[in-house]
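**Student:** Please see the structure below; I have some questions.
The values are calculated or read from the model by the stated rules, or taken from the named source; none is laboratory data. Keep in mind it's a predicted model, so treat the numbers as computed, not measured. Counting neighbours? That spans all protein chains shown, and the Cβs are built from the backbone with ideal geometry, glycine included. Calculation scope for accessible area: heavy atoms of the full protein, side chains included, ligands and nucleic acids excluded. Shrake-Rupley method; radii C 1.70, N 1.55, O 1.52, S 1.80 Å.
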Amino acid sequence: MKVSAPGHGDVVALASVYWMQRERVRVEGKERQVLTAWFDPARMAAPGGEEPSTIRFDCLVFTGATLEPSIAEPGQSVTLTAALPSPPEPAAPVVVLARLPDGKVLELVPVGSGLYRARFTVDRRYPRNDSAVTVLAYARRNSEEGRVRKAEGAVKSAGFWDARKPYV
């Protein structure tokens, strides 16, 4: 993608589409339906400045996840926190889920600043010394609350949520 603006240095770089939606707009007095897309944000710099213009790649991409405590015994409660920064505009509501080692799925709730959190209890049936927790996010439908089973079914049928595949 190439981004240009008067009084700024151009940037030519790869960019990702992180959100698409249909919108209704008025064009020459007629209402039309269009597809609107948002790309990774461009940071424009002054021409000839020390820093070049760049494109950020950190919107709607997991930037970290933690378990607290990081080592837990069966029966112990654990807090899972995942970082998923969102763009300032448009609002990008998402559902964030975690698949536990036993295949159980739980929803992480937003706690602010792009962080999502859930608590669970370590089950005695989890493999000792090597348990994987898989985290997944998808777009929430029309800002409605709750999970979208149809979206989860599509992800699962594509093989991305198979409990027998700990890593994708």
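**Student:** Provide a single number: the residues in the stretch 1-57 that are out of contact with any Ser or Thr (no Cβ under 8 Å at 6 or more places or on another chain), closer than 22 Å to Ala91 by Cα and open to solvent by less than 90 Å² (accessible area, probe 1.4 Å).
**Tutor:** Of the residues in the stretch 1-57, 13 are out of contact with any Ser or Thr (no Cβ under 8 Å at 6 or more places or on another chain), closer than 22 Å to Ala91 by Cα and open to solvent by less than 90 Å² (accessible area, probe 1.4 Å).
**Student:** Next up: For the stretch 84-115, enumerate the residues that are closer than 18 Å to Ser70 by Cβ and either part of a loop (DSSP other than H, G, I, E, B) or open to solvent by 20 Å² or more (accessible area, probe 1.4 Å) (or both).
**Tutor:** Answer for the stretch 84-115, where residues must be closer than 18 Å to Ser70 by Cβ and either part of a loop (DSSP other than H, G, I, E, B) or open to solvent by 20 Å² or more (accessible area, probe 1.4 Å) (or both): Leu100, Pro101, Leu115.
**Student:** Among (1) farther than 29 Å from Ser131 by Cα; (2) touching a strand residue (DSSP E or B) at 6+ places or on another chain (Cβ under 6 Å); (3) not hydroxyl-bearing (Ser, Thr, Tyr), where does Glu50 come up short?
**Tutor:** Among (1) farther than 29 Å from Ser131 by Cα; (2) touching a strand residue (DSSP E or B) at 6+ places or on another chain (Cβ under 6 Å); (3) not hydroxyl-bearing (Ser, Thr, Tyr), Glu50 violates only (2).
**Student:** Just to verify a result, which residue in the stretch 58-83, among those that are in a loop (DSSP other than H, G, I, E, B) and of a type in the set (Val, Ile, Thr), is least open to solvent (accessible area, probe 1.4 Å)?
**Tutor:** From the stretch 58-83, those in a loop (DSSP other than H, G, I, E, B) are 58-63, 69-76; that's our starting set.
When the remaining residues are screened for being of a type in the set (Val, Ile, Thr), the result is 61, 63, 71.
Working: Val61: 71, Thr63: 89, Ile71: 139 Å².
So the residue we want is Val61.
**Student:** Between a first residue in the stretch 38-53 that is in a strand (DSSP E or B) and a second residue that is open to solvent by 40 Å² or more (accessible area, probe 1.4 Å) and polar (S, T, N, Q), which pairs have beta carbons less than 9 Å apart while being 6 or more apart in sequence or on different chains?
**Tutor:** Trp38/Gln21; Phe39/Ser16; Ala42/Thr54; Arg43/Thr54
**Student:** Still on this structure, please answer the following. Among the residues of the stretch 116-131, which ones are under 19 Å from the mean Cα position of the chain (by Cα), under 20 Å from Gly75 (Cα atoms) and open to solvent by less than 40 Å² (accessible area, probe 1.4 Å)?
**Tutor:** Within the stretch 116-131, Ala118 is the sole residue that qualifies.
**Student:** Looking at Pro74, Pro101, can you tell me which residue is more than 15 Å from the chain's Cα centre (by Cα) and under 25 Å from Arg149 (Cβ atoms)?
**Tutor:** Pro101
**Student:** For the stretch 146-168, enumerate the residues that are of a type in the set (Asp, Glu) and either modelled with pLDDT under 75 or farther than 13 Å from Glu107 by Cα (or both).
**Tutor:** Asp162
**Student:** Tell me, yes or no, whether the stretch 108-119 has at least one residue that is modelled with pLDDT under 80 and over 24 Å from Pro87 (Cα atoms).
**Tutor:** Among the residues of the stretch 108-119, not one is modelled with pLDDT under 80 and over 24 Å from Pro87 (Cα atoms), which makes the answer no.
**Student:** Report every pair of residues separated by at least 6 positions or lying on different chains whose Cβ atoms are under 7 Å apart, first residue within the stretch 69-97 and under 26 Å from Arg22 (Cα atoms) and of a type in the set (S, T, N, Q), second outside any strand (DSSP E or B) and at pLDDT below 95.
**Tutor:** Ser86/Cys59; Ser86/Leu60; Ser86/Ala92; Ser86/Gly114
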